[in-house]
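Trainee: First, the structure itself, so that you have it in front of you.
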Amino acid sequence: MVSFFLCLAILICGYLFYGKFVDGIFNPDDRDTPAVAINDGVDYVVLPQWKLFMIQLLNIAGLGPIFGAISGAMWGPVVYLWITFGTVFAGAVHDYFAGMLSERNNGASISEVTGIYLGQTMKNVMRVFAVILLVMVGTVFAVGPAGLLVKLIGTSGATGILVNKIFWLAIIMIYYFIATFISVDKVIGKIYPVFGICLIVMAIGVCFGTLTSGKPMPEIFSHFANEHPDGTPIWAFMFITVACGAISGFHATQSPLMARCLKSERQGHFVFYGAMVAEGIIALIWASAACTLLGGATIKELGGGGAGTVFEISTMTMKGIGMVLAILGVIACPITSGDTAFRSARLTIADWFKIDQGKWQNRLALCVPVLGVGAILGFGNALGKIDYNVIWRYFSWSNQTLAMIVLWAGAMFLFQNKRNFWICAVPATFMSAVSCTYFFMAGECLGLIPFFKNNKAVGYPVGIIFAAACLALFLSKTKKAAEKASKVA
């Protein structure tokens with residue numbers, strides 16, 4: 001229990017002190033924000049700070065801090081360290097700069113932002129990468145809840161299951177279309193705060209139930225080892241698996257949504273850094289519950305950090321009401337990430353081709369193809385024509401790779417503005433090593449080749465070399481830029 005409360009204290013202090021330190025380095029001022037200067041009544045709308053926080057939390061959370069944290073618990077209490085320090089020094093910094101750099105550039109999508117600081121080539125790569133990633137996330141977060149609804153209702157027979165899955169998928173996709181098309185404050189601004197409160201209440205219930213369960217909470221001090229039932233290496237698999245509970249590139253695609261709704265730059269610390277710390281706390285709670293009540297072997301038997309494990313923990317900690325909250329969590333949470341994923345895809349394409357989104361005809365022209373592709377993929381999955389299992393495994397790696405790129409963009413912004421770029425460069429270097437190592441060792445990447453799978457002798461050195469090369473390239477570019485500036489002066 002000492003480990004849990006110590007990590008919880010570090011997360012809170014991280015927000016109060018390190019978050020304020022990061023905010024001070026960025027140096028927010030009193031300039032007009034995009035929500036004030038542009039205010040198109042659709043995407044650029046001033047929202048109250050508390051609502052901005054709740055929407056941001058739901059945008060970035062989804063099932064990430066629940067499923068990822070539970071899966072990470074298979075490595076044992078050592079996962080607390082990654083959730084805690086990863087959130088404070090990497091994830092919250094990443095989310096803060098993703099949101100604030102967007103705010104400083106008229107609410108631009110993350111692909112445009114990275115292009116501004118890392119060049120045109122990176123901008124084009126990120127445009128394509130972001131749209132594909134967002135449509136994939138939106139589609140999977142429609143198919144998953146539809147399948148869970150069918151399971152919970154208890155439909156029998158293959159035909160009945162198929163018909164009901166198609167029905168619920170259609171309902172979800174219609175909602176996605178509405179949420180993607182209309183003003184951000186009409187649907188998202190009204191229902192997200194409610195779901196956000198439910199997510200927080202659910203976490204508090206799990207925390208209280210775990211602490212009063214009578215089962216001893218394992219300590220990091222006595223379990224500082226790899227306890228994964230399959231012996232899967234901690235580096236870099238645990239860092240990729242936890243994802244949203246520590247750092248996630250997907251958050252960078254969501255932060256610009258709220259960057260377009262800030263009334264003041266000074267809200268960034270609470271909205272962006274604060275929401276990520278809140279997600280880290282939620283992840284810590286679920287990870288501790290999984291370690292205490294189940295253990296790695298049991299989590300594996302239940303299917304990892306999926307819906308079945310969530311139901312098990314919820315009913316063990318909150319009894320009857322736990323089932324209700326669990327249903328809300330595993331169905332509502334992915335939907336609240338899916339709709340904003342499609343909305344972000346629309347805005348990314350709009351920024352790419354400079355399409356004014358104030359006119360409903362232009363929004364409709366983008367919503368139809370974006371949601372159309374999602375519907376084709378979703379119904380294809382429902383009919384058994386498309387398998388997402390393999391595709392989704394690639395998401396975890398691409399997710400952290402995106403986070404790495406955004407952190408490098410943040411470091412370049414800080415250099416250009418003569419500020420301490422190391423607060424972004426250090427986590428960027430770390431995530432470069434994580435991403436590269438995972439790519440060389442994971443079974444869905446180069447690990448498809450038996451020689452590379454879980455081969456530490458190859459993966460670890462290559463990851464370190466790649467990270468060092470990225471840092472050297474960054475420092476080289478900053479040195480050349482400084483020399484060029486001094487000559488001009």
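Trainee: If Lys20 meets every condition in (1) surrounded by fewer than 24 Cβ atoms within 10 Å (Cβ to Cβ); (2) out of contact with any Asp or Glu (no Cβ under 9 Å at 6 or more places or on another chain); (3) over 20 Å from Met258 (Cβ atoms) apart from one, which number is that one?
Mentor: The single condition Lys20 does not satisfy is (3).
Trainee: Okay, next question. Among the polar types (S, T, N, Q) and open to solvent by 30 Å² or more (accessible area, probe 1.4 Å): is that true of Thr180 in this structure?
Mentor: Values: among the polar types (S, T, N, Q): yes; open to solvent by 30 Å² or more (accessible area, probe 1.4 Å): no.
Here the answer is no, as Thr180 does not meet what is asked.
Trainee: Working only within region 439-489, note down all residues that are part of a loop (DSSP other than H, G, I, E, B) and open to solvent by 50 Å² or more (accessible area, probe 1.4 Å). Working first, answer last.
Mentor: Looking only at region 439-489, we keep the residues that are part of a loop (DSSP other than H, G, I, E, B), and these are 442-445, 449-455, 489.
Ile449, Pro450, Phe451, Lys453, Asn454, Ala489 - these are the residues of region 439-489 that are part of a loop (DSSP other than H, G, I, E, B) and open to solvent by 50 Å² or more (accessible area, probe 1.4 Å).
Trainee: While we're looking at this one, here's another question. Looking at Lys456, Lys418, Lys477, can you tell me which residue is more than 23 Å from Gly119 (Cα to Cα) and basic (Lys, Arg)? Spell out how you get there, then give the answer.
Mentor: On the way: Lys418 fails: more than 23 Å from Gly119 (Cα to Cα); Lys477 fails: more than 23 Å from Gly119 (Cα to Cα).
Among Lys456, Lys418, Lys477, only Lys456 is more than 23 Å from Gly119 (Cα to Cα) and basic (Lys, Arg).
Trainee: Follow-up. Taking interchain pairs and intrachain pairs at least six residues apart, which have beta carbon atoms under 9 angstrom, with the first residue in region 194-207 and touching a residue at least 12 places away in the same chain (Cβ under 8 Å) and the second open to solvent by 70 Å² or more (accessible area, probe 1.4 Å)?
Mentor: Gly205/Ile321
Trainee: In addition: Please give the number of the condition Gly115 fails out of (1) touching a residue at least 24 places away in the same chain (Cβ under 8 Å); (2) on the phi < 0 side of the Ramachandran plot.
Mentor: Going through the list (1) touching a residue at least 24 places away in the same chain (Cβ under 8 Å); (2) on the phi < 0 side of the Ramachandran plot, Gly115 breaks only (1).
Trainee: From the list Thr292, Thr315, Thr309, pick out the single residue that is modelled with pLDDT under 90, open to solvent by 10 Å² or more (accessible area, probe 1.4 Å) and assigned to a helix (DSSP H, G or I). Full working, then the answer.
Mentor: Working: Thr292 fails: modelled with pLDDT under 90; Thr309 fails: open to solvent by 10 Å² or more (accessible area, probe 1.4 Å).
Only one candidate passes the filter, namely Thr315.
Trainee: Hey, does region 415-424 have a residue that's under 22 Å from Ala90 (Cα atoms), of a type in the set (S, T, N, Q), open to solvent by less than 50 Å² (accessible area, probe 1.4 Å) and assigned to a helix (DSSP H, G or I)? Steps first, please.
Mentor: Step one: of region 415-424, the residues under 22 Å from Ala90 (Cα atoms) are 415-424.
Keeping just the survivors that are of a type in the set (S, T, N, Q) gives 416-417, 420.
Retained after the next criterion (residues that are open to solvent by less than 50 Å² (accessible area, probe 1.4 Å)): none.
No - not one qualifying residue is present in region 415-424.
Trainee: Specify the residue that is nearest to Ser337 (Cα to Cα); the eligible residues are those in region 159-177 that are open to solvent by less than 40 Å² (accessible area, probe 1.4 Å) and more than 24 Å from the chain's Cα centre (by Cα).
Mentor: Within region 159-177, the first condition is being open to solvent by less than 40 Å² (accessible area, probe 1.4 Å), and the residues that meet it are 160, 169-170, 172-173, 176.
Now drop any that are not more than 24 Å from the chain's Cα centre (by Cα), which leaves 160, 170.
Values: Gly160: 28, Ala170: 17 Å.
So the residue we want is Ala170.
Trainee: Here's something else I'd like to know. Can you spot a residue in region 355-373 that is among the aromatic types (Phe, Trp, Tyr) and open to solvent by less than 20 Å² (accessible area, probe 1.4 Å)? I'd like the intermediate steps shown before the answer.
Mentor: Taking region 355-373 first, the residues among the aromatic types (Phe, Trp, Tyr) are 360.
The next check asks that each one be open to solvent by less than 20 Å² (accessible area, probe 1.4 Å); those that pass are none.
The answer is no, given that none of the residues of region 355-373 is among the aromatic types (Phe, Trp, Tyr) and open to solvent by less than 20 Å² (accessible area, probe 1.4 Å).
Trainee: Would you call Thr121 of a type in the set (Ser, Thr, Tyr), in a helix (DSSP H, G or I) and modelled with pLDDT of 95 or more?
Mentor: Answer is no for this residue.
Trainee: Using beta carbons and a limit of 6 Å, which pairs, at least six apart or on different chains, have the first residue in region 213-231 and under 10 Å from Thr292 (Cβ atoms) and the second one at pLDDT below 90?
Mentor: Between residues of region 213-231 that are under 10 Å from Thr292 (Cβ atoms) and residues that are at pLDDT below 90, the close pairs are Met217/Met1.
Trainee: Moving to a separate point now. Is it true that some residue in region 186-208 is surrounded by 14 or more Cβ atoms within 10 Å (Cβ to Cβ), at pLDDT 85 or above and of a type outside the set (A, V, I, L, M)?
Mentor: yes
Trainee: Quick check on region 48-81: of everything there that is out of contact with any helix residue (DSSP H, G or I) (no Cβ under 6 Å at 6 or more places or on another chain) and hydrophobic (A, V, I, L, M, F, W, C), which residue is surrounded by the fewest Cβ atoms within 10 Å (Cβ to Cβ)? Before you say what the answer is, go through the steps one by one.
Mentor: Keep residues of region 48-81 that are out of contact with any helix residue (DSSP H, G or I) (no Cβ under 6 Å at 6 or more places or on another chain), which gives 48, 50, 67, 76, 78, 81.
Filter once more, keeping what is hydrophobic (A, V, I, L, M, F, W, C): 50, 67, 78, 81.
Details: Trp50: 12, Phe67: 27, Val78: 20, Leu81: 16.
If we take residues in region 48-81 being out of contact with any helix residue (DSSP H, G or I) (no Cβ under 6 Å at 6 or more places or on another chain) and hydrophobic (A, V, I, L, M, F, W, C), then Trp50 is surrounded by the fewest Cβ atoms within 10 Å (Cβ to Cβ).
Trainee: Now for a different question. Need pairs with beta-carbon distance below 7 Å; first residue without any contact (Cβ under 8 Å) to a residue 24 or more places away in the chain and within region 440-457, second surrounded by fewer than 18 Cβ atoms within 10 Å (Cβ to Cβ) and of a type in the set (A, V, I, L, M, F, W, C); sequence gap 6+ or separate chains.
Mentor: Going by the 7 Å Cβ cut-off, the qualifying pairs are Phe440/Val458; Phe452/Val458.
The values are calculated or read from the model by the stated rules, or taken from the named source; none is laboratory data. As the structure is a prediction and not an experimental result, all values here were calculated from the model. Note that each Cβ is placed from the backbone with ideal geometry, even for glycine, and that neighbours are counted across all protein chains shown. For the accessible areas, the whole protein counts, side chains as well, though only heavy atoms, and no ligand, DNA or RNA atoms are used. Shrake-Rupley method; radii C 1.70, N 1.55, O 1.52, S 1.80 Å.
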